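Engineer: Quick one: the structure is below, and I'll ask about it shortly.
The values are calculated or read from the model by the stated rules, or taken from the named source; none is laboratory data. All of these numbers come straight from a predicted model, not from anything done at the bench. Positions of Cβ are generated from backbone atoms using ideal geometry, with glycine treated the same way; all protein chains shown enter the neighbour counts.
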Amino acid sequence: MPVVLPGEVIQTQHKTIKLGPGLQQISNPEEKTAMTVTRAGTLEQNAKGNQFWVEGNSRRYVPAAQEPVIGIVSARQGEGWRVDIGYAHQASLDGLAFEGASRRNRPNLKVNSLVYARVSLAHKDMEPELECFDAQTRKAEGFGELKGGFLVRCSLKMSRNLLNPNYFLLPLLGSRFPLDTALGTNGRVWISAKEVKQIIVAARCIEAADPDGGGMDQNAIKKFISTLDL
Amino acid sequence: MRPPSPSIPEKDFFFSALDQALRLDGRDFLEARPHSLSFGAELGHVECSLGKTRVLAQVDAKMVRPEPQRPFEGLISIHCELSPMASTEYEPGRQSDEEIALARMLDKIFRRSDTIDREALCILAGERVWHLRIAIHALADAGGLLDCASLACAAALRHFRRPDVEVVGANEVIVHPPALRAPVPLALHHTPYCITFACYRAAPEPSAAAAKGAGAGTVAGQTETAPRVLLDPAGLEHRLAQGMLHLALTPQRELAVVHKAGGLPLAPGVLMGAVQVAARRARELEAWLDVRVREDWVRKKVEVR
């Protein structure tokens with residue numbers, strides 16, 4: 001896959017294409033489908049060649065709609081909260097964007113508590129908005145406040161890797177001890193396990209496997225775990 | 001924007017781990033993160049890393065007229081820069097409090113402790129002296145920035161060599177290019193190393209935690225009710241510290257700076273224990289730095305004999 005830099009223009013034969021993160025459509029009068037790159041990385045496409053995205057690693061999160069993120073509540077604001085998601089701006093989370101929330105029965109989040117939420121609005125000129133439920137079904141589907149456990153910070157690439165069901169790390173950790181995780185695409189991973197030691201092991205493995213940190217592969221991680229006190 | 005404070009689960013987990021005498025990165029209480037140095041093409045250009053914290057230090061010298069009240073002394077200035085590159089917590093533009101604190105500490109450690117012989121920087125009394133400019137750039141901040149910056153600064157001062165100069169007659173100065181005459185190292189009186197400790201209140205139930213931590217991993221003089229002291233705090237440890245202690249000292253156990261601005265009170269015994277630990281670490285760093293700087297000097301082949 002070719003390495004692309006911001007500003008490069010890419011043209012395709014396909015008439016209808018879908019653009020993922022790091023690409024933006026540009027209008028041109030010659031009726032050609034063209035897009036410009038907004039992020040450095042490798043250009044990836046699906047087998048059919050009608051979906052494109054830029055894969056890369058970074059540490060600063062830029063929200064995109066529908067992505068799960070972990071935020072830290074930084075302040076109360078009217079009916080909702082201001083949440084830090086690692087972006088340049090704070091996101092807003094409405095008090096009614098929870099399962100079963102109504103005007104009378106609203107969840108009570110304290111400042112500095114953790115929430116697992118989905119980005120419902122991401123626009124480059126507007127403040128991002130979060131929601132803790134599925135807007136169609138109004139069910140929580142795992143979103144909401146995260147209590148206990150520990151928050152691990154990693155690179156954005158690592159957090160995307162962890163979301164991939166074929167990635168080795170979480171099944172490997174799960175075979176050693178039971179653990180709960182909440183994966184945010186904003187480089188934050190919440191882990192909960194019974195013992196403090198187990199959480200520390202999980203956090204150190206994520207750090208060691210992070211392409212931005214240790215960059216270990218499956219065998220190296222296996223060896224690494226066996227050296228740890230569990 | 002103010003940096004977001006650690007979330008409630010992070011804070012709770014950190015203290016429950018501390019109660020079990022565990023650190024988040026698996027280190028012992030008195031174990032520092034691994035450090036490394038890499039040297040640039042120029043003399044005096046050093047990049048130092050301490051764990052994930054990275055600092056670039058660069059020393060350069062130029063000739064200036066000395067201050068009229070001190071005609072025999074060279075000038076030294078230390079500049080720090082904390083840009084958003086280091087961490088998302090720093091903003092561009094206005095100097096932040098952290099930046100000022102870092103610059104002042106480095107000034108105390110290297111300038112006010114008389115590390116550099118200023119009179120050796122004099123070329124022609126009242127006319128020409130060397131002005132040493134030390135630039136510190138934080139490349140990544142994962143806690144312990146001051147320790148890393150001071151180590152980078154010490155390494156840069158050791159690594160740097162100024163061009164050889166010759167005074168001919170009354171006021172003619174000849175600067176010899178490095179190809180003709182080997183550049184001269186700086187005259188350093190001593191090299192201070194800054195070592196940071198984070199202090200936390202004693203465990204609520206001292207029995208379990210203290211029994212575990214009472215082995216080799218604690219500062220001497222630390223009893224069950226004494227505060228817990230961690231060497232080289234990183235990230236969360238730094239943010240959640242209830243008191244910080246910065247010690248700058250030479251391998252010969254001469255204290256240059258003791259900086260304990262508020263926070264948890266420390267008993268004299270604990271403080272002395274921390275000084276002992278710091279002295280040991282300063283000796284290790286000195287030996288390591290010596291070897292690394294000499295290696296690079298040999299590799300560069302500036303001097304041909």
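Engineer: Got at least one residue in the range A:193-203 being more than 12 Å from chain B (Cβ to nearest Cβ) and either in contact with an Asp or Glu (Cβ under 9 Å, 6 or more places away or on another chain) or buried (at least 21 other Cβ atoms within 10 Å of the Cβ) (or both)?
Structural biologist: no
Engineer: For the range A:1-26, which residues satisfy the criterion of being touching a Ser or Thr at 6+ places or on another chain (Cβ under 8 Å), surrounded by 11 or more Cβ atoms within 10 Å (Cβ to Cβ) and of a type in the set (Gly, Ala, Ser)?
Structural biologist: Once the filter is applied, which keeps residues that are touching a Ser or Thr at 6+ places or on another chain (Cβ under 8 Å), surrounded by 11 or more Cβ atoms within 10 Å (Cβ to Cβ) and of a type in the set (Gly, Ala, Ser), the range A:1-26 yields only A:GLY22.
Engineer: If you go through the range A:20-45 one residue at a time, how many are out of contact with any strand residue (DSSP E or B) (no Cβ under 6 Å at 6 or more places or on another chain) and modelled with pLDDT of 80 or more?
Structural biologist: Qualifying residue count for the region: 1.
Engineer: Within 14 Å of chain B (Cβ to nearest Cβ) and either over 21 Å from B:ARG23 (Cβ atoms) or out of contact with any His (no Cβ under 8 Å at 6 or more places or on another chain) (or both): which single residue out of A:LEU156, A:LEU162 fits that description? Break it down into steps so the answer makes sense when it comes.
Structural biologist: On the way: A:LEU162 fails: within 14 Å of chain B (Cβ to nearest Cβ).
When all the criteria are applied, what remains is A:LEU156.
Engineer: Moving on to the next point. Which ones in the range A:1-19 are under 26 Å from the mean Cα position of the chain (by Cα) and modelled with pLDDT under 85? First the steps, then the outcome.
Structural biologist: Of the residues in the range A:1-19, the ones under 26 Å from the mean Cα position of the chain (by Cα) are A:1-8, A:17-19.
Matches in the range A:1-19: A:MET1, A:ILE17.
Engineer: Cβ contacts < 8 Å: first residue more than 30 Å from B:ARG128 (Cβ to Cβ) and basic (Lys, Arg), restricted to the range B:74-91; second residue at pLDDT 85 or above and surrounded by 14 or more Cβ atoms within 10 Å (Cβ to Cβ), any location; separation 6+ or different chain. Result?
Structural biologist: Listed by first residue and then by second, the contacts come to nothing, as the list is empty.
Engineer: A further question on this structure: Have a look at A:ASP210, A:ASP180 and point out the one that is surrounded by 22 or more Cβ atoms within 10 Å (Cβ to Cβ), without any contact (Cβ under 8 Å) to a residue 60 or more places away in the chain, of a type in the set (D, E, K, R) and within 14 Å of chain B (Cβ to nearest Cβ). Let's see the steps before the verdict.
Structural biologist: On the way: A:ASP180 fails: surrounded by 22 or more Cβ atoms within 10 Å (Cβ to Cβ).
The match here is A:ASP210.
Engineer: Taking the range A:67-126 only, how many residues are crowded, with 16+ Cβ neighbours inside 10 Å and within 21 Å of the chain's Cα centre (by Cα)?
Structural biologist: 32
Engineer: From A:GLY187, A:GLY174, A:GLY148, which residue is within 14 Å of another protein chain (Cβ to nearest Cβ) and more than 21 Å from A:PRO21 (Cα to Cα)?
Structural biologist: Values: A:GLY187 fails: more than 21 Å from A:PRO21 (Cα to Cα); A:GLY174 fails: within 14 Å of another protein chain (Cβ to nearest Cβ).
So the residue among A:GLY187, A:GLY174, A:GLY148 that is within 14 Å of another protein chain (Cβ to nearest Cβ) and more than 21 Å from A:PRO21 (Cα to Cα) is A:GLY148.
Engineer: Follow-up. Taking the residues in the range A:83-113 that are closer than 28 Å to B:GLU91 by Cβ and of a type in the set (Ser, Thr, Tyr) as candidates, determine which candidate is nearest to the other protein chains (Cβ to nearest Cβ).
Structural biologist: The first filter runs over the range A:83-113 and keeps only residues closer than 28 Å to B:GLU91 by Cβ, leaving A:83-93, A:109-113.
Next, from what is left, pick out any that are of a type in the set (Ser, Thr, Tyr): A:87, A:92, A:113.
On the way: A:TYR87: 9, A:SER92: 15, A:SER113: 5 Å.
Out of the qualifying residues, it is A:SER113.
Engineer: So, one more: Take A:ALA64 and tell me if it is closer than 27 Å to B:THR88 by Cα, more than 14 Å from every other protein chain (Cβ to nearest Cβ) and surrounded by 15 or more Cβ atoms within 10 Å (Cβ to Cβ). Before you say what the answer is, go through the steps one by one.
Structural biologist: Values: closer than 27 Å to B:THR88 by Cα: yes; more than 14 Å from every other protein chain (Cβ to nearest Cβ): yes; surrounded by 15 or more Cβ atoms within 10 Å (Cβ to Cβ): no.
No; evaluated as a whole, the condition is false for this residue.
Engineer: Please work out if A:ASN50 is polar (S, T, N, Q), surrounded by fewer than 16 Cβ atoms within 10 Å (Cβ to Cβ) and under 30 Å from A:GLU8 (Cα atoms). I'd like the intermediate steps shown before the answer.
Structural biologist: On the way: polar (S, T, N, Q): yes; surrounded by fewer than 16 Cβ atoms within 10 Å (Cβ to Cβ): yes; under 30 Å from A:GLU8 (Cα atoms): yes.
Answer is yes for this residue.
Engineer: When you go through B:SER38, B:SER16, B:SER49, B:SER5 one by one, which is the residue that is hydroxyl-bearing (Ser, Thr, Tyr) and more than 14 Å from chain A (Cβ to nearest Cβ)? Give the derivation first.
Structural biologist: Working: B:SER16 fails: more than 14 Å from chain A (Cβ to nearest Cβ); B:SER49 fails: more than 14 Å from chain A (Cβ to nearest Cβ); B:SER5 fails: more than 14 Å from chain A (Cβ to nearest Cβ).
Only one candidate qualifies: B:SER38.
Engineer: Let me spell it out: the conditions are (1) free of Cβ contacts under 8 Å to residues at least 60 places away in the same chain; (2) under 30 Å from A:ALA203 (Cα atoms); (3) within 14 Å of chain B (Cβ to nearest Cβ), and A:GLU127 meets all of them except one. Which number is the exception?
Structural biologist: (2)
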